[in-house]
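What follows is a short report on a single structure.
The values are calculated or read from the model by the stated rules, or taken from the named source; none is laboratory data. Just so you know, these numbers come straight off a predicted model, no measurement behind them. Glycine also receives a Cβ, built like all others from the backbone with ideal geometry; neighbour counts cover every protein chain displayed. These area figures cover heavy atoms from the full protein model, side chains too; ligands, DNA and RNA do not enter into them. Shrake-Rupley method; radii C 1.70, N 1.55, O 1.52, S 1.80 Å.
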Amino acid sequence: MFKYFSLTIFYLIVFISPTLSAQTFNLAKFSIGKSRIKVELNDFIIHYQNSHIEANWISNSVQWIRNENNLLVPRALLKIRVKPTSILVHINYRNNAIFPVQKHGASESLVYVDLFYPENILIYSGSELLDKIVIEAAATASARSKQLIDYSCSPYELKIDGIDSEYLSVGCKMQRLGHLGSETPRLEVTMSTTNLKTLNGDKAPYTIFLDDNSPVEIIMKGIDEKIKHFRLSAKLPTRLNRFKTSFGFGPYIYESQENQATQNSNFAPSLMIYGKYELNDTASFKAFDALLYSKSFFNNSGMYFSYDLAEAFDGRLYLNALLGFQGLHYQYSKNDKTVFRLLYPQGFEVFYKHAFIENYTLTYGMFVSTSSEKYTNTWLRYGKSTFLELNYINWQYNQSKIKMWGLSIGIPIFSAL
């Protein structure tokens, strides 16, 4: 049952997720994201002067995108009409010339506007500038609840204090500095906001680099030219280690069989060791060792190359492949010979980040036998550095057979390199 259920999940993700990612979630160089905050279009004021121009937001058109700066920002459709109809009219937004459609007695176009980095929209008739459209976010006491600090910043407890009334979005990307064995963090923080600009007039996006826990004091000015003073801070580790290990233990219930002898529903304590060496952001080597001993002895260990295959839902869900081998020792009783098998089951893991609680990950994984020898190992894990794991193993070779399931807790014990 576990085997066929897991294989179904595997095939669905492998063959369907890349299709969804290409057709549903990606748009040109942007990917569609999901925000934890709500944006009200009424809070974004449209300024222009020419009476022959109309500009209005399209209702329910807000869409969160992850842009080329890896920043999650909202955009919305702005309907622009220039009367009367003229083939000379064109719109310039972010250095892109947009030619409107002539209909209903006007020249019309729908333009996606980045609400946290709007820039001016220029309306031309030939070479003559008719007007410019300026977007301003209304300062509001509730804006603090509409400030987005992206999930990418969650591990570093990033905080911004002093601009509670301004709309903004912040994203993070961790970089490694130094040589292997002594790598230190460098956090790249990108910020976009509707109204704020530097004192010399530079507009969003803005970048801050953090290499320790020192806060950054920032002075900017608003659209009203008033000075804004705020502070940005984060908590960074002193070292970035690539090699990490965890220790696990917990109760298991198992059934074992050798020839005609059977032991049913025995209780056994379990001891596990997990290891991971990170090659880069998407690939690593993983190893494990699981030991159970009561009336029967069972030891299962393995080493695998792990790499990401696909992702969806703005990177919160992704599929990881496991390619490698395992060694298995089994002894039914002290009077029986120890059976050793070298196995080559291949596997996968599905990760769902920030599941139920921020920074907590829900993982489903499985190894499936690639030979006639029966072997299934599936697990469900939840947590972050410390985690709970529900595990099921079923193995059979000739007259030797074992089936077990149990719950264990994993605790980090050592990291290096």
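What residues qualify as long-range amide H neighbours of L240, i.e. H under 5 Å apart, gap of 5 or more or another chain, H built at 1.01 Å from N?
Those qualifying (amide H under 5 Å, at least 5 residues apart or on another chain) are E183, T184.
Okay, helix-only estimate at 222 nm for the chain: each DSSP H run of n ≥ 4 adds -39500 (n - 2.57), divide by all residues, round to 500 deg cm²/dmol; what do you get?
Details: 1 runs with 19 residues, N = 417.
Calculated from helices alone, the mean residue ellipticity at 222 nm is -1500 deg cm²/dmol.
Amide H to amide H under 5 Å from D131: which residues, 5+ apart in sequence or cross-chain, H placed 1.01 Å off N in plane?
The list, which skips near neighbours in sequence, is I123.
Which one of D131, D114, D314 has the biggest mean-square fluctuation once the chain is modelled by GNM with Cα springs under 10 Å?
D131
Spelling out what I want: for every residue of the range 232-238, take phi, set θ = phi - 60°, compute 6.51 cos²θ - 1.76 cosθ + 1.60 (Karplus), and round to whole Hz; glycine and proline get x.
10, 9, 8, 10, 10, x, 6
If you roll a 1.4 angstrom probe over the protein chains with everything in place, what fraction of the accessible area of the chain belongs to carbon and sulfur, to the nearest %?
Numbers: 12120 of 21650 Å².
Result for the chain: 56 percent of the exposed heavy-atom area is carbon or sulfur.
Expressed as a whole number of Å, what is the distance separating the alpha-carbon centroids of the range 47-96 and the range 187-224?
Here the two parts' Cα centres lie 25 Å apart.
With no solvent and one point on each alpha carbon, what is the Debye value of log10 I(q)/I(0) for the chain at q = 0.10, 0.12, 0.14 Å⁻¹?
-0.82, -1.02, -1.23
From the phi of every residue in the range 66-71, what ³J(HN,Hα) in whole Hz does the Karplus formula 6.51 cos²θ - 1.76 cosθ + 1.60 yield, where θ is phi - 60° and glycine or proline is x?
Per residue, the Karplus-derived 3J(HN,Hα) values read 9, 8, 5, 8, 6, 10 Hz.
Which whole-Hz ³J(HN,Hα) couplings does the range 57-64 yield from phi under the Karplus relation 6.51 cos²θ - 1.76 cosθ + 1.60, θ = phi - 60°, glycine and proline marked x?
For the range 57-64, the Karplus-derived couplings read 6, 8, 4, 6, 9, 5, 9, 8 Hz, x marking Gly and Pro.
Label F247 and S154 with points 7 Å out from Cα along Cα→Cβ: what is the distance between them in nm?
2.9
Once a ≥ b ≥ c are taken as the square roots of the eigenvalues of the Cα gyration tensor of the range 327-417, is the result rounded (a/c under 1.5), prolate (a/b larger than b/c) or oblate (a/b not larger than b/c)?
Numbers: a/c = 2.41, a/b = 1.94, b/c = 1.24.
Here the range 327-417 falls in the prolate category.
Suppose a student asked you for the relative contact order of the range 114-242, using Cα pairs under 8 Å spaced at least 6 residues apart; what percent would you report?
Details: 261 pairs, mean separation 29.5, N = 129.
With pairs under 8 Å counted, the relative contact order is 23 percent.
Stokes-Einstein diffusion coefficient for the range 157-208 at 10 °C in a medium of 1.306 mPa s, Rh from the Kirkwood formula over Cα pairs: what value in µm²/s? Show your work: numbers first, answer last.
Working: Rh = 13.0 Å.
Here the translational diffusion coefficient equals 122 µm²/s.
Grab the eigenvalues of the alpha-carbon gyration tensor for the range 218-322, scale each by 5, take roots, and send me the semi-axes largest first in whole angstrom. Display every interim value, and only then the final one.
Numbers: eigenvalues 495, 58, 45 Å².
The answer is 50, 17, 15 Å, longest axis first.
Roughly what % of Cα-Cα distances in the range 61-197 sit above 26 Å, to the whole percent?
Details: 3822 of 9316 pairs.
Everything past 26 Å amounts to 41 percent.
Between beta-carbons, use under 10 Å as the cut-off and find the net charge around V62, counting Lys and Arg +1, Asp and Glu -1. Present the calculation step by step, with values, prior to reporting the outcome.
Details: positive: K38, R75; negative: E40.
The answer is +1.
Using a Gaussian network model of the chain with C-alpha springs under 10 Å, which one of F247, F99, F116 is most mobile by mean-square fluctuation?
Sorting by GNM fluctuation, first place goes to F99.
What angle do you read, to the nearest 10 degrees and between 0 and 90, between the alpha-carbon axis of helix 2-20 and the longest principal axis of the chain?
Between the helix axis and the principal axis of the chain, the angle is about 20 degrees.
Protein chains only, probe 1.4 Å: how do E119, E217, E373 rank by accessible area, largest first?
Heavy-atom accessible area, descending, gives E217, E119, E373.
How many nm is it between the label spots at D161 and S86, if each spot is 7 Å from the Cα in line with the beta carbon?
5.4
Using only the heavy atoms of the protein chains and a 1.4 Å probe, how would I163, I223 rank by accessible area, largest first? Could the numbers behind the result be given before it?
Details: I163 5, I223 70 Å².
The residues order as I223, I163, largest area first.
Comparing T184, T338, T378, which has the greatest mean-square fluctuation in the GNM of the chain with Cα pairs linked when under 10 Å apart?
T338
Hey, can you grab everything whose amide H is under 5 Å from the amide H of L115? Only 5+ residues off in sequence or another chain; H modelled, so Pro and N-termini drop out.
Under 5 Å from the amide H of L115 lie the amide H atoms of R75, A76, each far enough along the sequence or on another chain.
With an 8 Å cut-off on Cα pairs and a minimum separation of 6 or more residues, tell me the relative contact order of the chain in percent.
After rounding, I find 11 percent.
Calculate, for the chain, the solvent-accessible area per residue in square angstrom, rolling a 1.4 angstrom probe over the heavy atoms of the protein chains. Walk me through the intermediate numbers first.
Working: 21650 Å² over 417 residues.
In whole numbers, the chain has 52 Å² accessible per residue.
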